[in-house]
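Asks: Structure below; questions to follow.
Please treat every number below as a calculation from the coordinates, not as lab data. Just so it is clear, the structure is predicted and the values come from calculations on it, not from any experiment. Note that each Cβ is placed from the backbone with ideal geometry, even for glycine, and that neighbours are counted across all protein chains shown.
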Amino acid sequence: MQHNPRFLALVNTAKAQINECQINDVKQWMEQGQAFTLIDNREQDEWQRSHLPQAHYLGRGVLERDIEQQFPDLDTKIVVYCGGGFRSALSVLSLQQMGYSNVWSMDGGFRAWKEAGLELLTN
């Protein structure tokens, strides 16, 4: 997908201000049983087709509105992923601005996870 220059500039600004992790980090945290919350930030139809194990759905359009009800502890370790790591970067910046202190964007997103042949859940 070809992204527009202003969108890419916005994402790059966000990425300079947030924590990012790689798919291998997330896989390792899962295997080690580390406590963290994994949020799928894609559109609902994308989520319904398939998603990562242990993921909770909170789409980009409702994340900021609904996050506090589901995860009120601002110190909760949260990893957000989207299709490629752009929307999740913007979401993580928003969560930081809301006071969440341990939030990460998974670089490469769902696409990188799928390309690596890692486990996916389908509905």
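Asks: Sticking with the crude label model, points 7 Å out along Cα→Cβ, report the distance from Gln2 to Gln70 in nm, one decimal please.
Replies: It works out to 3.4 nm between the two label points.
Asks: Here's another thing I want to ask about it. Residues with amide H under 5 Å of Val80's amide H, sequence separation 5 or more or different chain, H placed in the peptide plane at 1.01 Å from N; which?
Replies: Answer set, sorted by chain and number: Ile39, Trp104, Ser105, Met106.
Asks: For the chain, modelled as a Gaussian network with Cα springs under 10 Å, which listed residue fluctuates most, Arg49, Arg60, Arg87?
Replies: Of Arg49, Arg60, Arg87, the most mobile in the Gaussian network model is Arg49.
Asks: Which aspartates and glutamates, if any, have their Cα less than 18 Å from the Cα of Lys77, not counting same-chain residues under 8 positions apart?
Replies: Leaving aside aspartates and glutamates fewer than 8 places away in the same chain, those within reach of Lys77 are Glu20, Asp25, Glu31, Asp40, Glu64, Asp66, Glu68, Asp107.
Asks: Sticking with this structure for a sec: Once the piece of chain linking Gln97 and Gln48 is laid out straight, how much longer is it, given 0.36 nm per residue of separation minus the C-alpha distance between them?
Replies: Difference between extended and current length: 14.8 nm.
Asks: Could you tell me how far the Cα centroid of segment 44-117 sits from the Cα centroid of segment 12-35, in Å?
Replies: Answer, in whole Å: 11.
Asks: Between Ala55, Ala16, Ala89, find the one with the highest GNM mean-square fluctuation for the chain; connect C-alpha pairs within less than 10 Å.
Replies: Of the options given, Ala16 has the highest mean-square fluctuation.
Asks: Moving on to the next point. Using a Gaussian network model of the chain whose springs link C-alpha atoms within less than 10 Å, name the residue from Gly85, Gly33, Gly59 with the highest mean-square fluctuation.
Replies: Top of the fluctuation ranking is Gly33.
Asks: Taking θ = phi - 60°, what integer Hz values does the Karplus form 6.51 cos²θ - 1.76 cosθ + 1.60 yield along segment 33-44, in sequence order, with x for Gly and Pro?
Replies: x, 5, 7, 7, 10, 9, 10, 8, 9, 7, 5, 4
Asks: Let me check I've understood the local charge: for Gln54, count other residues with C-beta under 12 angstrom from its C-beta, Lys and Arg +1, Asp and Glu -1. What total comes out?
Replies: Around Gln54, the surrounding residues sum to -2.
Asks: Rg/Rh for segment 5-115 to two decimals, with Rh computed the Kirkwood way over all alpha-carbon pairs.
Replies: Expressed as Rg/Rh, it is 0.93.
Asks: Less than 15 Å Cβ to Cβ from Val26, Lys/Arg counted +1 and Asp/Glu -1: what total charge do the surrounding residues give?
Replies: -3
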